[in-house]
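Student: Attaching a single structure in structure tokens format; questions to follow.
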Amino acid sequence: MGIEKIKRGNWVMQTLAETWFLFTNWKYVVPLAINLSGSAVYYYTLSSADITIAVPITNSLALVFTILGGMLVGERPPTRTELIGMSCIVLGVALCVTS
């Protein structure tokens, strides 16, 4: 059963039913928790690291983690081109960190 099959009489009950469905569905809760954890780490990093390094690193790694997270929830594996792109991102981040 998906969220599109939930039907209630008015918009308040519809919203409550959809919210309940989402927060009791592990396929929604786990990625949400990981995403929120990443946001907390991002803000902590901004407060404790050099901003000229922290922002580009976190923004570029967001794509890598999005692709990897998608694979965990059943999306298709990355293509060869995407893997090359992810490798370039990781190498670029490594260069920034070590320099």
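Student: Can you tell me the accessible area per residue over the chain, all protein chains present, probe 1.4 angstrom, in square angstrom?
Tutor: On the way: 7660 Å² over 99 residues.
Result: 77 Å² of accessible area for each residue.
Student: Here is a further query. Could you give the angle, 0 to 90 degrees to the nearest 10, between helix 26-48's Cα long axis and the longest principal axis of the Cα atoms of the chain?
Tutor: 40 degrees
Student: In deg cm²/dmol, rounded to 500, what helix-only [θ] at 222 nm does the chain give when every DSSP H run of at least 4 residues adds -39500 (n - 2.57) and the total is split over its residues? Display every interim value, and only then the final one.
Tutor: Details: 4 runs with 77 residues, N = 99.
So the calculated ellipticity at 222 nm is -26500 deg cm²/dmol.
Student: Rounded to the nearest 0.05, what FRET efficiency do Val41 and Ile84 give with R0 = 25 Å and r taken as the Cβ-Cβ distance? Could you check?
Tutor: Step by step, r from the Cβ atoms, then E = 0.40.
Student: Can you give the FRET efficiency to the nearest 0.05 for Met71 and Glu18, using r as the Cβ-Cβ distance and R₀ = 22 Å?
Tutor: Values: r = 26 Å, r/R0 = 1.19.
That pair, Met71 with Glu18, gives E of 0.25.
Student: Percent of accessible area on the chain owned by carbon and sulfur, 1.4 Å probe?
Tutor: 70 percent
Student: Here's something else I'd like to know. If you fit an axis through the alpha-carbon atoms of helix 80-98 and take the longest principal axis of the Cα set of the chain, what angle between them do you get, 0 to 90°, nearest 10?
Tutor: Here the helix axis deviates by roughly 60 degrees.
Student: When only Cα pairs under 8 Å and 6 or more residues apart are kept, what is the percent relative contact order across the chain?
Tutor: Values: 32 pairs, mean separation 19.5, N = 99.
The normalised contact order for the chain reaches 20 percent.
Student: Which net charge results when you count Lys and Arg as +1 and Asp and Glu as -1 among the other residues whose beta-carbon is under 14 Å from that of Ala17? Don't jump to the answer; show the numbers that get you there.
Tutor: Values: positive: Lys5, Lys7, Arg8; negative: Glu4, Glu18.
So the surrounding residues net to +1.
The values are calculated or read from the model by the stated rules, or taken from the named source; none is laboratory data. As the structure is a computational prediction, the values presented were derived from the model and not from experiment. In this analysis, Cβ positions are derived from the backbone assuming ideal geometry, glycine residues included, and neighbour counts consider all displayed protein chains. We work out accessible area using only protein heavy atoms, side chains counted, and drop any ligands, DNA or RNA first. Shrake-Rupley method; radii C 1.70, N 1.55, O 1.52, S 1.80 Å.
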